[in-house]
Each structure stands twice: as C-alpha cells, then as structure tokens.
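K.L.:
I have a structure here, written as structure tokens, and I will follow up with some questions on it.
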Amino acid sequence: MKCAKLVAPRKIVIEEAPKPTPGPHEVIIEVRYCGICGSDIHAYHGRHPFIHPPIVLGHEFSGVVHEVGESVEYVFRGQRAVVEPLLTCGRCLNCRLGDYNRCKELKVIGCQTDGAFAEFVKVPAHRVFEIPDDLDFLTAAFTEPVAVAVHAVKRAGPLAGNKVLVLGSGTIGLLVAAVSKIYGAAEVISTDIYDYKLDVALRMGADQVVNVRRESLEEYIFKHVDPEGVDVVFECVGGVKETLEQAVKVTRRGARVVVVGVFGKPVEVNVGLVQDKELEVKGSAVYIFKDFLDAIELLRRRRIDVRPLATKVFSLDQVPDAFKYIDEHRDTAIKVLIKVKD
Ligand SMILES: [Zn+2]
Ligand SMILES: [Zn+2]
C-alpha cells in the first residue's frame, strides 16, 4: 500500500509499505479522508514532545472497514467508519475507571504508531464507530477534533449563562467556541492574531472576537464584556506563556480555566492569582467514548457546520505539499485534509 511517512523533520516521503494485517481483535480501515492536526504540524517541525519520526502521521480519519480480525464481532467489512484513535492498556487504574484518556500507557494512532496518511490503517475493533448514512466522509473526518472540543467543554462544567473566552481560533479553538454555544454559553469571545480566523469564529458561533495582536485583551474584556471578568477560559493555543498569563488575569473570581493546548515546555503562571481568585485550572486531554458519540451526533444533526473549517483538500501523493501549504498560509489555513480515496 501507499503511505506518506515522516522520516525526519520537514521531510515526508511517499513510499510503498506492506498492507497491515489485523490481529484477532483488530480491524483494517481503508482510509477516505484524514485531517492534518496541529500536533501533526508540530511533529513535522520536530517540535512535538511525544511524536518522533519515522512515522506515518494522521489520526483524524474516516474510511471503510476493509478487513476484520478473527475474534471481531459487531464490526463488518464494508461498514463506513470513524475511529477513536486511542491505544490503551486496559489494566491501569484510569482505564478501569473508564477514564482511559488518562491511561498510563496511552498511545495515539498516527502519533506513536502508524496512522492514516496511508491507504490502510490498523485499529482496535472496539474503537470503531459506524458513520450515520447521512454523514459524508469529509464531514466524518472532523469527528475526532469535534470530540476534543466536546471533552474540553465538559471539563469546564455547566456553561449555561456563562461568558466564555476561547484563546486561539485554530480548528480546536473554533470548535470549542461552537460547542460552548451549543452547550448553553451566554456569550463566547474568541481571540486570534489573524483576522481571517476571527471571521470564521463568528461564523462558528462566537459573539465577539478580539485580534490580540492589535488590541489589549485585558482592556477589551473589562470594558466590553464584563468588568468582573469572564466565567470560563479555554486555552486553545498551547506552547506560549502569554495565553495562560492572560487567562488568569481576565477571569472573574471563582472562574474556571481549561488548558486544551499542548505545551512542550513548562511555562510560568501567576499561581498567586489562582489562589487569590479561587480559580479552577484544569487540563483536557483527548476524549472518551461518550465524547465521540456526542461528536458524531452534533455533526449528524448539523449543529456544527464544518465547511468554514475545511480550508483545502490534497491527495495522498500531495501530503508533503499539504504540510508546506499550511506553513505558507498560517493566516488562512484552518483544517487541511488529505483525500486518500473517493
Ligand atoms: Zn488531533
Ligand atoms: Zn491504561
């Protein structure tokens, strides 16, 4: 089969590899669409703390069940499928509690094992979800990032009547803004440094947007949103200290801060403010089964429109060009997808 392999930072080669064969409880998916994630881009630049070449990236995919292992029940050849791309031990405390996104040995398909920038990918049968008939393959490939947003929003707790600030308007930030509105937020304020992404934020359901390169976020929030500060902040940038610094400043007392962005290095936070304002600071990492179900349902019911997010589609042969395209269009590229097969 054909696959696109990251062999060194900034070097992806298209190569032939043996088609994977399923173990007893595994399934082979013939890939249709696979999105390029922010973490794929970090890995491409050699800057992801947990992803290292050589590897076939790609964990946001839709496809068709091509082959099933001998002990697999309930998953059938020819089924249209999306996959929760988590490999978990099933034995550690959190696995047994059902919080397997916190597994001690968590691996992500396409991050620590070969992923879906390939014609075929091997996955555990129990992580396969059927795609509803009225959901197309391209939209279904958004299930994974929508599930990330659903999990993050649930981590924040009830949002009804709340003023919610979403820092960063990449795919995850935009989806967190959309899901926050669906889950009852009274007002969502999105930030970014690019006007194009802020326009998309408005289309996704944000009520107000702030270009933090031009405007002081602190001034904006206290003047135009609430003199007390916001109730909830989602950090969806990752990697820079400014966002968390801002987050603890613009919250009201007793607010919640959810860290969704990935930080490769430690950053400083004013813990004095966390204590004095009685802030709740929480992390959010991937998703569990229910988040995936909810994500599929939000897409099926057209509660989330992914069209403003789908920036451009490339073929499997063009994976290297797709990564270059993202680098050269940081201001407008939101989700770039690979169409592996029609
Ligand atoms: Zn991802
Ligand atoms: Zn585990």
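K.L.:
Please report the net charge: other residues with Cβ closer than 14 Å to the Cβ of Ile172, K and R +1, D and E -1. Could the numbers behind the result be given before it?
P.N.:
On the way: positive: Arg155, Lys197, Lys335; negative: Asp40, Glu60, Glu144, Asp192, Glu235, Asp291.
After counting each charged neighbour, the total is -3.
K.L.:
Based on alpha-carbon centroids, what's the gap between the stretch 43-113 and the stretch 218-296 in Å, whole number please?
P.N.:
Between the Cα centre of the stretch 43-113 and that of the stretch 218-296, the gap is 28 Å.
K.L.:
Might you report the magnitude of the Cβ-based charge dipole of the stretch 146-283 about its Cα centre, with Lys and Arg at +1 and Asp and Glu at -1, to the nearest 20 debye? List each step's numbers first, then the result.
P.N.:
On the way: 17 positive and 18 negative charges, 74 e Å.
In total the dipole reaches around 360 debye.
K.L.:
Within a Cβ distance under 13 Å of Asp294, other residues only, what is the Lys/Arg minus Asp/Glu net charge?
P.N.:
Numbers: positive: Lys154, Lys290, Arg300, Arg301, Arg303; negative: Glu84, Glu144, Asp291, Glu297.
Around Asp294, the surrounding residues sum to +1.
K.L.:
Using a simple charge model, +1 on the beta-carbon of Lys and Arg, -1 on the beta-carbon of Asp and Glu, nothing else, what dipole does the chain show about its Cα centre, in debye to the nearest 20? If you can, show how the numbers build up before the last one.
P.N.:
Working: 45 positive and 47 negative charges, 64 e Å.
It comes to approximately 300 debye.
K.L.:
A follow-up question, please. Could you pull out the pairs from Lys290/Lys339; Lys154/Lys181; Lys154/Lys277 whose alpha carbons sit more than 20 Å apart here?
P.N.:
Where the Cα-Cα span goes over 20 Å, the pairs concerned are Lys290/Lys339; Lys154/Lys277.
K.L.:
Under Stokes-Einstein, with the Kirkwood radius over Cα pairs standing in for Rh, what whole-number D in µm²/s applies to the stretch 1-144 at 4 °C and 1.567 mPa s?
P.N.:
The calculation lands on 84 µm²/s.
K.L.:
Treating only the Cβ of Lys, Arg, Asp and Glu as charged (+1, +1, -1, -1), what charge dipole size does the stretch 63-139 show about its Cα centre? Round to the nearest 20 debye. Could you put the intermediate results ahead of the total?
P.N.:
Details: 9 positive and 12 negative charges, 107 e Å.
Approximately 520 debye in magnitude.
K.L.:
OK, next. Among DSSP beta bridges lying fully in the stretch 146-283, give the percent that are antiparallel, nearest 5.
P.N.:
On the way: 1 of 23 bridges.
Percent antiparallel among DSSP bridges in the stretch 146-283 is about 5.
K.L.:
Rank Tyr33, His52, Pro22 by how far each Cα sits towards the positive end of the charge dipole of the stretch 1-139 (+1 on Lys, Arg Cβ; -1 on Asp, Glu Cβ) and give me just the farthest.
P.N.:
Towards the positive end, the residue furthest out is His52.
K.L.:
Quick check on my link table: of Lys104/Lys197; Lys265/Lys312; Lys11/Lys341, which ones sit more than 26 Å apart, alpha carbon to alpha carbon? Intermediate results must be reported in sequence, preceding the final value.
P.N.:
Numbers: Lys104/Lys197 36 Å; Lys265/Lys312 31 Å; Lys11/Lys341 23 Å.
Exceeds cut-off: Lys104/Lys197; Lys265/Lys312.
K.L.:
Can you give me the pair-distance distribution of the stretch 146-283, C-alpha pairs, 10 Å bins, whole percents?
P.N.:
14, 49, 34, 3
K.L.:
Give the residue from Phe234, Val306, Gly261 lying farthest towards the positive end of the charge dipole for the stretch 225-342; charges sit on Cβ (+1 for Lys and Arg, -1 for Asp and Glu) and the dipole is referred to the Cα centre.
P.N.:
About the Cα centre, the residue reaching furthest to the positive side is Val306.
K.L.:
Moving on to the next point. Equivalent-ellipsoid semi-axes (√(5λ), Cα gyration tensor) for the chain, whole Å, largest first?
P.N.:
On the way: eigenvalues 232, 89, 72 Å².
Each semi-axis is the square root of five times an eigenvalue, giving 34, 21, 19 Å.
K.L.:
Using +1 at the C-beta of Lys and Arg and -1 at the C-beta of Asp and Glu, which of Pro132, Cys111, Ala81 has the Cα lying farthest in the positive direction of the dipole of the stretch 77-133?
P.N.:
After comparing all options, I get Cys111.
Just so you know, all these numbers are worked out from the coordinates, no wet-lab data involved. The structure displayed is predicted, hence computed values, not measured ones. Using ideal geometry, Cβ is built from the backbone for each residue, glycine included, and neighbour counts are taken over all protein chains shown.
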